[in-house]
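Working notes, structure below.
Each value in this text was obtained by applying a stated rule to the coordinates, not by laboratory testing. Bear in mind the structure is a predicted one, so any value in this text is a computation, not a measurement. In this analysis, Cβ positions are derived from the backbone assuming ideal geometry, glycine residues included, and neighbour counts consider all displayed protein chains.
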Amino acid sequence: MKYLRLVLRSFLRSKRRTVLTILSITVSVALIAILQSILATLNAFANNPDASNRIVVRHKVSITNLLPTRYADWLRQQPEVESVMGLQWFQGVYIDRSNFFPNFASEAEFVNTVFKEEIVEYSDAQFREFLRDRNGALVGKNLADKYGWKLGDVVSLKSELFPITVRLTIRCIFRSKRPADELALHFNYKLLEEGVSYMKGRVGTFFVRVHRADDVPKLIERIDRHFHDAVEPTYSETENAFQLEFLKMMGNYSAIIQMITGAVLVAILIVTANTMAMAIRERTTEISVLRAIGFRTSQILAMLMGEGILLSVLGGAGGLAIAWLLAGAVRGYVGTFLPYLQNFHIDAGTMSLCFHATLAVGTLSTFIPAYRAARRPIVDGLRSL
Amino acid sequence: MSGEPIIRLRGLAKSYYRESLEIPVLQGIDLEIPAGGYYALMGPSGSGKTTLLNLIAGIDRPTGGELEVCGHTLNGLDDDELAAWRSTYVGFIFQNYNLVPVLTAFENVELPLLLTPMSRRARREKVEEALAHVGLTEWMEHYPRQLSGGQEQRVAVARAIVGDPELLVADEPTGALDHKNAEEIMALMEGLNRDLGKTIVMVTHDPKAAHHARHQIHLEKGVLDRTIEVNR
Ligand SMILES: Nc1ncnc2c1ncn2[C@@H]1O[C@H](COP(=O)(O)OP(=O)(O)O)[C@@H](O)[C@H]1O
Ligand SMILES: [Mg+2]
């Protein structure tokens, strides 16, 4: 393409301005890429295909109200059901609050069937040890590595929800498919029942695993109908819906992220438009000369557009590169207090969004000044000396 | 030396409009310029010289009359056709040289050839030939800011002739140059007319420059005053 050199030379005409504009796009796109990837990562939790055959049953009033443990008996009798486990969010603190990781009081004997996709690799011998020891803990490999826990180590968790501290012995270490799933800790539900009198025979949620995902909707309906007139009515939903609700408790992060993304895009649109308007205005005479020589309006327009798009796409590529470099830091640092972000990475959707957004910024910011310059009467441009 | 008319203007008129007020600049110009002619367009400032030259060169459009240049009636061409026509038939030389600052002398001269299907190699040959013609072979890789005004104008002349157009238009080509450089450019243009047979229309109000042309056309308030032959 013989005009490419012309585009490149014009592009580098004012190196400082070009570099500054690219840098501001780079920083902005890096920010957008990270925010959007956070959003995508969080949404993936509420869109987990492995959870498609799991239902979460909780109290109809709220997640903090408790259900009788015996509800599990009825649930287990349903033909669609493969396995049921009572699970209580314990919110135990290890040493101090900054060491956050999800920990649960679970009906231990069901944990590896209900969470078959999460608790993937472990030794059967270790798992039996976990079941045998009332104070036993089942922990993800990631979590064990993070604190240097080994089998037999004793770990104290002080609950922020219940007036109890549990002393647990690490009995089984498991591996998962996703690193975030390896941050969980499960211990025997009986420990909670014994330590907290009002928890006797009561639990926050049931995780119900059905054989076929297709049965989920009608089972949800049947469960809630069955307990409709009970003293403690239930509210059932898919695990993904439950996760989403849980995430929403952090605030409407999705709307905030989209708003910031929009604002940043508008900002880079303005910066790029300003740069291109300046770059084109100072070349008015030159454009007229090229047209006098015989360059067509469309060719001039294409060259100017090429310049604007090159500017924004380079900035966008730089932004993605920086975001990619920062992704490790986000996983390692933010991921420690927001375990959801253990899976953080710049996903394909975000890359595509950033690419198209910068392409659009380049096009929108350049088109109007370029179109006007390319169509301006030649003689006007030649006179404005 | 004078052949068939290459430029034929009939009742050519151009007005500008400012807030619906008509400002006539050229009024009923009739003019014929033969192929191979060298015409100096003279007249006081504001008399319409540049306007007339721009019309002949097809970078402006008349508001009346007919305009036939290099065998084409320009009135009937659309913008793209006119652009293609210019790239084939017209070479431009401006008072301010108007080189592209980010391109080398070589690349500036190459610009008109980018519009042709010529190969890279063929373009290189043509450009080198044109630069040799204006005596700037050594300066090919220099940028405009590294050249003197005289050299810049010679690059502009090379750019004007590289595509081998029939017609050269020049608007005050020596206006920004000192005496010595002006003389050099005039000698160069005289050679282009005499040796290469280019038809040249040159706007100037410098009598010394006009003396290099073969004919002088005088414009006075938008009408042709007189045409005289230059005796040498
Ligand atoms: N774009 C324009 N709008 C209005 N008036 C113009 C425009 N261009 C030229 N003129 C007027 O036309 C007249 C002739 O201009 P020009 O052809 O440049 O004269 P010259 O080259 O002989 O000095 C001048 O009075 C000038 O002000
Ligand atoms: Mg003039």
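Taking GluC sites (Glu not before Pro) as candidate sites, keep only those in a DSSP loop with at most 10 other Cβ atoms within 10 Å, then name the longest stretch of chain B containing none of them.
Within chain B, the longest run free of exposed GluC sites (Glu not before Pro) spans B:20-140.
Testing the spin-label approximation: label points 7 Å from Cα along Cα→Cβ at B:Tyr143 and A:Arg128. State their distance in nm.
Distance between label points: 8.0 nm.
Could you give me the ³J(HN,Hα) list for the stretch B:181-189, computed from phi with Karplus coefficients 6.51, -1.76, 1.60 and θ = phi - 60°, whole Hz, x at Gly and Pro?
Using θ = phi - 60°, the values come out as 5, 4, 4, 5, 5, 4, 5, 4, 5 Hz.
For the protein assembly as shown, what mean projected area does the convex hull of the alpha carbons give, in nm²?
40.3 nm²
Taking other Cβ within 10 Å of each residue's Cβ, how do A:Asp215, B:Asp164 sort, fewest first?
So the ranking, lowest neighbour count to highest, is B:Asp164, A:Asp215.
In nm, what is the difference between 0.36 nm times the number of residues separating A:Tyr3 and A:Ile260 and their Cα-Cα distance?
Fully extending the segment from A:Tyr3 to A:Ile260 adds 88.7 nm.
Sort out for me the Cα centre separation of the stretch B:167-200 from the stretch A:248-298, rounded to whole Å.
43 Å
Can you give the charge dipole size of the protein assembly as shown about its Cα centre, rounded to the nearest 20 debye, using +1 on the beta carbon of Lys and Arg and -1 on the beta carbon of Asp and Glu?
1140 debye
Mind checking the angle between helix B:149-161 and chain B's longest principal axis? C-alpha axes, 0 to 90 degrees, to the nearest 10.
Around 80 degrees separate the two axes.
At 222 nm, what helix-only mean residue ellipticity would chain A give, in deg cm²/dmol to the nearest 500, using -39500 (n - 2.57) for each DSSP H run of four or more?
My calculation for chain A gives -17000 deg cm²/dmol from helical runs alone.
Rg and Dmax of the stretch A:1-66, using alpha carbons, in Å: what are they?
Spelled out, the Cα radius of gyration and Dmax of the stretch A:1-66 are 24.6, 73 Å.
How large is the dipole of the stretch A:54-211 about the Cα centre if only Lys and Arg carry +1 and Asp and Glu carry -1, each at its Cβ, rounded to the nearest 20 debye?
Roughly 240 debye, rounded to the nearest 20.
Given +1 on the Cβ of Lys and Arg, -1 on the Cβ of Asp and Glu, and no further charges, what dipole in debye does the stretch A:67-153 carry about its Cα centre, rounded to the nearest 20?
It works out to roughly 260 debye.
Taking other Cβ within 10 Å of each residue's Cβ, how do A:Met250, B:Met42 sort, fewest first?
A:Met250, B:Met42
Working from Cα positions, state the angle (0 to 90°, nearest 10) between the long axis of helix B:79-89 and the longest principal axis of chain B.
The answer is roughly 60 degrees.
Which of B:Ile200, A:Ile63, A:Ile38 has the fewest other C-beta atoms within 10 Å, and how do the rest follow up to the most?
Fewest-to-most ranking of B:Ile200, A:Ile63, A:Ile38: A:Ile63, A:Ile38, B:Ile200.
List the residues whose amide H sits under 5 Å from the amide H of B:Glu220, counting only those 5 or more places along or on another chain, with H placed 1.01 Å from N in the peptide plane.
Excluding prolines and chain starts, which carry no amide H, the hits are B:Asp225.
Please give the calculated 222 nm ellipticity per residue for chain B, where each DSSP H segment of at least 4 residues contributes -39500 (n - 2.57) and the sum is spread over every residue; nearest 500 deg cm²/dmol?
Helices in chain B give a 222 nm mean residue ellipticity of -10000 deg cm²/dmol.
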